[in-house]
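Report on the following structure.
The values are calculated or read from the model by the stated rules, or taken from the named source; none is laboratory data. The structure displayed is predicted, hence computed values, not measured ones. Using ideal geometry, Cβ is built from the backbone for each residue, glycine included, and neighbour counts are taken over all protein chains shown.
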Amino acid sequence: MMSEEEPLTDWLEHLKQPLVFKGRLKMWNCAQWTMDDWAERTRDLKLNFRIGPRVKKGEPLCEGDGVHLKATIKDLLNWTCRKECSRELQEVDPEAHFAYSSYNYMSCTFGDHREILQSVDWSCFGFPERHGADSTLWLGSAGASTPCHQDTYGCNLVAQLIGKKTWTLFPPEDSSCLYPTRLPFEESSVFSRVNFQDIDLHRYPKTEHCRPFWVTLDPGDVLFVPKMWWHLVSCFDTALSINTWIPLRSDDRSRLDEAVVRTLASALIPQYQAAGSSWINPNEALTTPGENLAYIQKVIENLAAGDRSELHDARPASHDTEKSAFRDGVPVKSYTLEEYVQRTGCNIRRPDDARLGSYTPESECFAKRVVSCFLDPEVVRVIARKLETL
């Protein structure tokens, strides 16, 4: 039980199970909007969309794969209905492909749309300071999906506003079963080598022992994702959601881990990246040795000083706040991998099934495997903990 003086963020740090909340968005103006309302309010505002195949065999589909283009929300809606839309989208078959717009930081994307920023209010979860400016918008067509990944900072609240999304989650304890990798490199994102549309147990045998937590979010649902929980998301139909990441005390230590990853990635990737391939996500950039060293020094100093200046929400929370905000959360159900495959219909390649074979990606050159070893989360943690002793 949370004490009277324990900050809400500290309490959330110890909440170790994903939860779904029903009927919590009644005070959100944007929860009443349709996709046509969003199109009308944003008009000519263009979002970045990633275009990819609905079904992907072999390696997981990464952010840098496929085509990237700009389009309005109206363009997206028309495209899904095969009506007139932007020229670039017109050339894409909506039956075989998806369009997904991710990481739309609302303070930047909707800076000129005050009514949109004010329509988001996280006070129903004990965070009255958090609104649209502290949130991120995600919009995808049917079949849009993310690779399985782990966020290294904060916990996550996700509000499903329009359409349905399926979430598959795994606890941090399942990390070894998911074969973590930091390539492609992206700040604060650890990716799984496993493609959960096409699970290859010959290449990734430990995946058979993972424990998927699986849920479908309906409009009006809110999902709580604890820190470091792996997840992959798929749009059942055209779906729009808004999330906010809540900073936690442990993020200070995670920042040092990320500083180590960035330092190693910035030094190694330019030297060993294969011609014609990209080991960096499109929204990411490498930094200089001087910048990396200065950042490591700053993070170490903050850790030594116990600096929690970035935890804007770390205020004492009462028992009433705890009860009203989290007492009605429904735990997400876990399944065996076999049950998960039956429910989702995903493909699975078993070691004894010669008909399916095993996919060997061409991009897995020796240099890439070596760089992946240097960037492995276990290696990074050893270096980061050593740096803390300086």
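Couple of notes before you dig in:
- Looking only at region 23-32, residues that are modelled with pLDDT under 95 and surrounded by 12 or more Cβ atoms within 10 Å (Cβ to Cβ) come to 1 in all.
- Residue in region 197-207 that is acidic (Asp, Glu) and buried (at least 23 other Cβ atoms within 10 Å of the Cβ) present: yes
- A Cβ distance below 7 Å, combined with a sequence gap of six or more or placement on separate chains, defines the contacts here; from region 157-186, residues that are of a type in the set (Val, Ile, Thr) reach residues that are in a helix (DSSP H, G or I) in the pairs Ile162/Met35; Thr181/Ser372.
- Filter pass, Glu88 being touching a Leu at 6+ places or on another chain (Cβ under 6 Å) and part of a helix (DSSP H, G or I): yes
- Of the residues making up region 42-54, those that are part of a loop (DSSP other than H, G, I, E, B) and either free of Cβ contacts under 8 Å to residues at least 60 places away in the same chain or more than 19 Å from Trp79 (Cβ to Cβ) (or both) are Arg43, Asp44.
- Of all residues making up region 208-235, the number that are surrounded by 17 or more Cβ atoms within 10 Å (Cβ to Cβ) and of a type in the set (Asp, Glu): 1
- Members of region 249-265 found to be crowded, with 22+ Cβ neighbours inside 10 Å and over 14 Å from Arg381 (Cα atoms), listed by number: Ala265
- Filter result for Ser358 (in contact with a Lys or Arg (Cβ under 8 Å, 6 or more places away or on another chain) and at pLDDT 85 or above): no
- Going through (1) in a loop (DSSP other than H, G, I, E, B); (2) touching a residue at least 40 places away in the same chain (Cβ under 8 Å) one by one, Gly111 falls short only on (2).
- Residues of region 55-76 that turn out to be part of a loop (DSSP other than H, G, I, E, B) and in contact with an Asp or Glu (Cβ under 6 Å, 6 or more places away or on another chain), as a count: 1
- Within region 196-224, considering residues that are part of a loop (DSSP other than H, G, I, E, B) and charged (D, E, K, R), the one nearest to Pro351 (Cα to Cα): Arg203
- Test for Arg315: is it at pLDDT 95 or above and charged (D, E, K, R): no
- Scanning region 225-252 for residues that are assigned to a strand (DSSP E or B) and aromatic (Phe, Trp, Tyr), we see that the one that is farthest from Thr344 (Cα to Cα) is Trp245.
- Region 149-169, subset of a type in the set (A, V, I, L, M) and farther than 23 Å from Tyr335 by Cβ, residue surrounded by the fewest Cβ atoms within 10 Å (Cβ to Cβ): Ile162
- Considering region 271-301, the residues that are more than 26 Å from the chain's Cα centre (by Cα), touching a residue at least 12 places away in the same chain (Cβ under 8 Å) and assigned to a helix (DSSP H, G or I) include one that is surrounded by the most Cβ atoms within 10 Å (Cβ to Cβ), namely Ile300.
- Residue check for Val370: in contact with a Pro (Cβ under 6 Å, 6 or more places away or on another chain) and either modelled with pLDDT of 95 or more or among the charged types (D, E, K, R) (or both): no
- Residue in region 129-137 that is of a type in the set (D, E, K, R) and in contact with a helix residue (DSSP H, G or I) (Cβ under 6 Å, 6 or more places away or on another chain) present: yes
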